[in-house]
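The values are calculated or read from the model by the stated rules, or taken from the named source; none is laboratory data. These figures come from a predicted structure and were not determined experimentally. Neighbour counts are summed over all protein chains in view; Cβ atoms, including those assigned to glycine, are modelled from backbone coordinates with ideal geometry. Accessible surface is based on the protein model in full, side chains and every heavy atom, while ligands, DNA and RNA are left aside. Shrake-Rupley method; radii C 1.70, N 1.55, O 1.52, S 1.80 Å.
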Amino acid sequence: MASPITPPRGMRDFLPAEKARREHALGVIRRSFAAHGFDEIETPVVEDVERLHSGLGGDNEKLSFSILKRGLDADDLTGAIESGDLLALSDLGLRFDLTVPLARFYASHRGELPPVFRSIQIAPVWRAERPQKGRYRQFVQCDIDIIGEPSQLAEVELITATAAALEALGLTDCTIRINDRRILNGLLEYCGFAEARWPQVLISIDKLDKIGAEGVVAELAEGGADSAAVLGGILAELEPHLAEGGVELTVEAITGILPEGMDTDAVADLEALAHALDTLPPGVSLRFDPTLVRGMGYYTGTIFEISHPGSGSSVGGGGRYDGMIGRFLGTDVPAAGFSIGFERVVDLIELPDDAGEESVVLVYDPSVPLDRLVAIKSELIASGSRVRLDRRAKNLKAVLDRAAAAGFRSFAFVNADTADASALDLKPLA
């Protein structure tokens, strides 16, 4: 028996109807981002492997697909095995997100860009994930970033543009959960965790929705039971608020659920951000969630994530990453970004048919001369229609069903007596 011919695990083929649906959604997102003053760029799908493994990508670096160097021999393989440095066999890797390539892009082209650069990147990325529902090895990210703006204007523009894109897609009931890395760091310091353990502690907190407060405490207890117990008590007190998506972005609400001594500047910044965002679409709400981590190691300030009741995972996220670009330039440049998780969003929305496009299937008899058939098709195309030719078959229903599934709206028969497009009798495809 022949084995099934399928794409690699975690990657997908898209039939024409689904591809058209995805492109429609991507067009809506592009137009919405562009309307808010962002400019689209493009970067290579590969980057230097050292850049992809420089500590900027958090746990995603472990999921990076590396590309072997050309001309490797047995000695190279043996040396890498003996040293334990398998990355020495690679010089390039597939990008696992669009932020690291953007930082490299900005460092390469800074002199050609405005002082405050607003970018759009919409492109596939690759991660060696364990494939499961909603999680793929190749997927599309829709990113907007603002580089060079140190104030909260960057966060306000990013959240406003993203909320507008969600509204344009018809996606309602979204909650944007917001936190600040300064508050997280203060929380870990309050609990007594050594600063060297903070990255590990944040990884455990990031699993809170999957393993619960007890699971977080159990993971962290071996490295310090007292600190883990203090954190566990705080998480237990927060659980009722987290069940509601967090609390309002006000100083009173935020300080009311946090231990004393948290970063007051960070709390005040979150309240100011909420005031600036009081005109968001009605289908998007803001909440403060002190357990929001965002796994990337490059975030330095405000972080945010989109949740939706129809998805078990976040449908977007981002934050401020002021330290990343400085690694390439040698001088710090403020930066912040927001990414829509396209694969999850596109599964949640209902997209309307494009009522503005007339699309016709010409069902022709084999007896029609080719020059006349092509002339009729060209005439319809010149008038603005999308046109497909289908040979008439005994099973006419199958022909018309395929046309309807491909998004065509009408059909007409072409026979030897059809002189031109004006003689066609257009009928709707049910």
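Structural remarks
- Taken together, the criteria place Ala229 among residues that are over 16 Å from Asp289 (Cβ atoms), at pLDDT 80 or above, assigned to a helix (DSSP H, G or I) and open to solvent by 40 Å² or more (accessible area, probe 1.4 Å).
Each row is one residue, and each column tells you yes or no for (1) within 15 Å of Ile340 (Cα to Cα); (2) in contact with a Cys (Cβ under 7 Å, 6 or more places away or on another chain); (3) small (Gly, Ala, Ser).
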site: Ala128; (1), (2), (3): no, no, yes
site: Gln132; (1), (2), (3): no, no, no
site: Cys142; (1), (2), (3): yes, no, no
site: Asp145; (1), (2), (3): yes, no, no
site: Gly148; (1), (2), (3): no, no, yes
site: Ala161; (1), (2), (3): yes, no, yes
site: Thr175; (1), (2), (3): yes, no, no
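- Residue in region 191-203 that is closer than 18 Å to Gly261 by Cβ, outside any helix (DSSP H, G or I) and at pLDDT 90 or above present: no
- Ala161 vs. criteria open to solvent by less than 30 Å² (accessible area, probe 1.4 Å) and in contact (Cβ under 8 Å) with a residue 40 or more places away in the chain: yes
- Check on Ile340, hydrophobic (A, V, I, L, M, F, W, C) and within 14 Å of Thr175 (Cα to Cα): yes
- Cβ pairs under 7 Å, 6+ apart, first in region 358-379 and exposed (fewer than 13 other Cβ atoms within 10 Å of the Cβ), second not in a loop (DSSP other than H, G, I, E, B): Pro366/Arg391
- A search for C-beta distances below 8 Å between a residue of region 72-101 that is in contact (Cβ under 8 Å) with a residue 40 or more places away in the chain and any residue that is in a helix (DSSP H, G or I) and among the basic types (Lys, Arg), counting only pairs 6+ apart in sequence or on different chains, returns Val100/Arg51.
- Consider region 275-332 and keep the residues that are hydroxyl-bearing (Ser, Thr, Tyr), open to solvent by 20 Å² or more (accessible area, probe 1.4 Å) and out of contact with any Leu (no Cβ under 8 Å at 6 or more places or on another chain). The one that is farthest from Lys207 (Cα to Cα) is Thr331.
- Among the candidates Glu214, Glu219, residue that is exposed (fewer than 15 other Cβ atoms within 10 Å of the Cβ) and part of a helix (DSSP H, G or I): Glu214
- Taken together, the residues in region 380-391 that are within 16 Å of Leu426 (Cβ to Cβ), open to solvent by 40 Å² or more (accessible area, probe 1.4 Å) and either part of a strand (DSSP E or B) or not aliphatic (A, V, I, L, M) (or both) amount to 5.
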